[in-house]
1. Give just the number: which of (1) assigned to a helix (DSSP H, G or I); (2) of a type outside the set (D, E, K, R); (3) at pLDDT 75 or above does Phe38 not satisfy?
2. Based on what the data block shows, is Leu253 part of a helix (DSSP H, G or I), within 19 Å of Thr79 (Cα to Cα) and in contact with a helix residue (DSSP H, G or I) (Cβ under 9 Å, 6 or more places away or on another chain)?
3. Go over the candidates Val471, Val490, Val483 one by one and state the one that is of a type outside the set (Gly, Ala, Ser), assigned to a helix (DSSP H, G or I) and touching a helix residue (DSSP H, G or I) at 6+ places or on another chain (Cβ under 6 Å).
4. Starting from segment 163-185, keep only residues that are not assigned by TED's automatic domain parsing to the domain that holds Gln18, then list their pairs with residues that are outside any helix (DSSP H, G or I) and of a type outside the set (Gly, Ala, Ser) whose Cβ atoms are within a distance under 6 Å, requiring at least 6 positions of separation or different chains.
5. If you scan segment 330-352, which residues turn out to be in contact (Cβ under 8 Å) with a residue 40 or more places away in the chain, crowded, with 17+ Cβ neighbours inside 10 Å and not aliphatic (A, V, I, L, M)?
6. Take Val176 and tell me if it is surrounded by 17 or more Cβ atoms within 10 Å (Cβ to Cβ), under 30 Å from Ser83 (Cα atoms) and modelled with pLDDT of 90 or more.
7. Determine whether Val287 is out of contact with any Lys or Arg (no Cβ under 7 Å at 6 or more places or on another chain) and of a type in the set (Val, Ile, Thr).
8. Regarding segment 384-398, can at least one residue be identified that is outside any helix (DSSP H, G or I) and touching a residue at least 60 places away in the same chain (Cβ under 8 Å)?
Amino acid sequence: MRQISIIAYNAFMELVRQPVFLLLFTLSPLLCVGLALFDYFGFGGTSTGPVNFDVKMVKDGALTVTFFSGLAAAVLCATSSISREIETGTALAVLSKPVGRLHFLLGKYLGIIGALSVGAYLNLIGVLLASRMAHDAYANFDIVGTVTFLIFIALAYLAGGLVNYFLHKPFVPTTVGYLTIALTVGFFVICAQDKTTAFYWVDFGAEIKVTFWEIWKFTDTGGMRGDEVLQKLEIDKNMWEYLDFGLVQLTLLILFALWILAAVAVACSTRLSWMPTMMICTGVFLVGMMSDYLLGESAEGGGLIRQGEYVEYRPPGGEYGMHKAFLMEPLGIRRLDSLQYLVRVNFSTTQYEGEAFEDKVITYDAAKGLVAAIREDRELVATIDYDFLREQLNNEFKLQWNRPLNTAMIKLGREMMPVGFPQETWETPVFFQSGEFRNRKKEKMAIWQVKADKEGWDFSERESELTQSLVETIRLEKEQELVDRMMLEVDANSEKFELGEFGLEDGNGGLSKEALVEQKEKQKEKYKLFQYLRTQSQMETLPGQLSFWIRPQTGTIRKWDNGKGLLREVSQGSVVAKILYVLLPNWQLFWLSDAVAPEEEELKVLGGDMKYREGHVPWKYVFTSLFYVIVYVCLVLSAALWLFENRELN
């Protein structure tokens, strides 16, 4: 371990001594911040799509700069650290000591990713500041913040130059250290500035006079317009306002991708010079970006069913009976993405008598055309179109769409009418021991048992799954009943809610005049929000283009493709494609800048006051990606060791 740590430290110091490293990670944060200076005329957010595209373009551009600067650094660091040492004989001198080739490679790799991590940190500061400074065509750019950023970079270079001149310290690594400190301090200084007030400090077009002291967030005033003193809002005093900390996870994912590329570069550098290594790493990057297109569908299996398309299902061996045809997942509407349903096809000579949709299972009855097929000795085929699937799931989708709305309305309704709607029994674990639930379960169990005997499946194996489905169904029913009662109560007292006087029939409750006015305003806002959520929950059609992803289970499935105008077989996924898909790093899994969840925000703000919030990648996903990266890097470094072990060093 001692040899590895020494080699890693020396490799790290060797890399940060290179002028190209300092130049690269000075320019990339500057470019990230520079992207926020311009108007892109991408239009702002709307009530139907709360995404400010100017801000989004700045963030995407800053993340792109982070990735490509890291890619260049990974290749240059690997080749200069390994390939050059092999060519000059330095590696042979090191390996002549009690240092194994494994220790040499591992130490070099750790030094490289250490340098890349420092560069990623500097880029992260630039990315976060870019998210803060980003603006659309109707706002002002952060000129004071930008100048402050440039000043701190200049101070870092000045300090590095003075230390080099007077203390004879090497300029490049010293400046890298000072740059890291300067950008960190500069980040907090810029965040402490109120960018709106700071803009008025240097621009007199609005006729607002601002002092230097007033540009900081910890002050109460924001300048003077004539004789009027402008007070700052609480939001203007928030140091982290406008910062999108969700970019931290995205930058970490990009860093993980760079670690993989660094491992590939290390493996290539054991045999090749920097130019072939750069070409191979660029090729791996480009192919990895297209891996979903090249291998995704073949590896995953399944296919997409859109409106106007249909599926042809043939049972295995042409056998009669009930067959599990395919699993189906709705796509195109975020709130429905986690749902999954089983589609069965009945090829019995007797007509299916059960429900077409029940317990997340859709049953298509092909018995009507079966007699004619048997008589004419034709192949058994069931044609299931998109409209049939959509029709069976309309009510289910509406319930699932309304669920977060109902949850929000229940919470809001209880804030508006706390006395009339206390917590109910079905919301507690006690309900599932109650007679009502036991009776519902007993009735359902009798139906399930009959169904299992008739269709030939083991009821005991699915009892837990079916019970959980019953619990979800009851919860949805109870939530909807409670919301309906709340709506009736709100309608009965709509005039009082509009005036903010509900619950004040017996006086003001001991409140002062100011507190009473404030309470009325809050009640009116809550009533307005309740009505907005109610309108959303009563929409007849769901927003978005709904399609279905199907995964074959048994038999043969072909789907009609409107785009290509032909029937195409839907497979379960190729084993070879799955292996290649795992081996080839998919950079899109590390590039999640589009991870936005506007539906969640629709429950928090009114349509007219919609505010854009970038969705955050869950930390669980980040740590799962880290595990994948560690395994992948170990495999690549094993290949690098094999290449290095078989190379003679002269």
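The values are calculated or read from the model by the stated rules, or taken from the named source; none is laboratory data. All values derive from a computational prediction rather than experimental measurement. Cβ: placed from backbone, ideal geometry, glycine included. Neighbour counts: every protein chain shown.
1. If we test Phe38 against (1) assigned to a helix (DSSP H, G or I); (2) of a type outside the set (D, E, K, R); (3) at pLDDT 75 or above, just (1) comes out false.
2. No, not satisfied.
3. Answer to the selection: Val483.
4. Hits for this filter: Val163/Lys169; Val172/Arg17; Pro173/Arg17.
5. Correct list: Pro330, Arg335, Tyr341.
6. On the way: surrounded by 17 or more Cβ atoms within 10 Å (Cβ to Cβ): yes; under 30 Å from Ser83 (Cα atoms): yes; modelled with pLDDT of 90 or more: yes.
When the stated conditions are applied, Val176 passes them.
7. yes
8. Yes, segment 384-398 contains at least one residue that is outside any helix (DSSP H, G or I) and touching a residue at least 60 places away in the same chain (Cβ under 8 Å).
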